[in-house]
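Heads up, the thing below is written out as structure tokens.
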Amino acid sequence: MHVHPIFYDYILKCSDNSFYIGMTNHLDKRINEHELGKYPGSYTFNRRPIELMFYETFTDPESAYYFEQKIKKWSRAKKLALIEENYHKLPELSKKKFRMK
């Protein structure tokens with residue numbers, strides 16, 4: 001029996017209240033690297049401590065990659081709805097807001 005690898009997309013909350021979205025195949029190890037500041041040039045290095053707010057698992061790396069790219073483009077409000085499991089809010093938050101002049 002062949003075991004499929006697991007991939008994770010994750011959202012971290014940084015000390016400056018910003019979000020970092022990433023993808024890994026070893027979640028615990030990657031979170032530890034963020035916390036320890038393993039990569040000095042990384043987004044999270046000067047924004048520690050970090051807190052894991054959300055993760056989703058995938059068996060297909062391509063699906064994980066596309067989901068990561070999608071949520072990176074989301075508004076803060078939409079990311080918060082995902083984190084808070086308010087999935088019913090996602091369609092409304094996806095609608096473009098146009099102002100009338």
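The values are calculated or read from the model by the stated rules, or taken from the named source; none is laboratory data. Model, not experiment: these values are computed from the prediction. Ideal geometry is used to build each Cβ from the backbone, glycine not excepted, and the neighbour counts take in all protein chains shown.
Of note:
- Residue within the range 84-101 that is surrounded by 12 or more Cβ atoms within 10 Å (Cβ to Cβ) and of a type in the set (F, W, Y) present: no
- Of all residues in the range 13-48 being exposed (fewer than 13 other Cβ atoms within 10 Å of the Cβ) and among the acidic types (D, E), the one that is farthest from D60 (Cα to Cα): D16
- For the residues I21, I31, I71, the requirement of being part of a strand (DSSP E or B), aliphatic (A, V, I, L, M) and over 12 Å from F7 (Cα atoms) singles out I21.
- If the condition is being among the aliphatic types (A, V, I, L, M) and either out of contact with any strand residue (DSSP E or B) (no Cβ under 7 Å at 6 or more places or on another chain) or touching a residue at least 40 places away in the same chain (Cβ under 8 Å) (or both), then the range 1-44 contributes M1, V3, I6, I11, L12, I21, M23, L36.
- Close contacts from the range 45-74, counting a first residue that is on the phi < 0 side of the Ramachandran plot and a second that is surrounded by 15 or more Cβ atoms within 10 Å (Cβ to Cβ) and charged (D, E, K, R), with Cβ to Cβ under 6 Å and a gap of 6+ residues or different chains, come to E51/K13; M53/K13; E56/D9; A64/D9; F67/D9; E68/D9.
- Just so you know, in the range 78-99 the residues that are in a helix (DSSP H, G or I) and over 20 Å from L52 (Cβ atoms) include one that is modelled with the lowest pLDDT, and it is S94.
- Every listed requirement among (1) in a helix (DSSP H, G or I); (2) under 19 Å from K13 (Cβ atoms) is met by S42 save one, (1).
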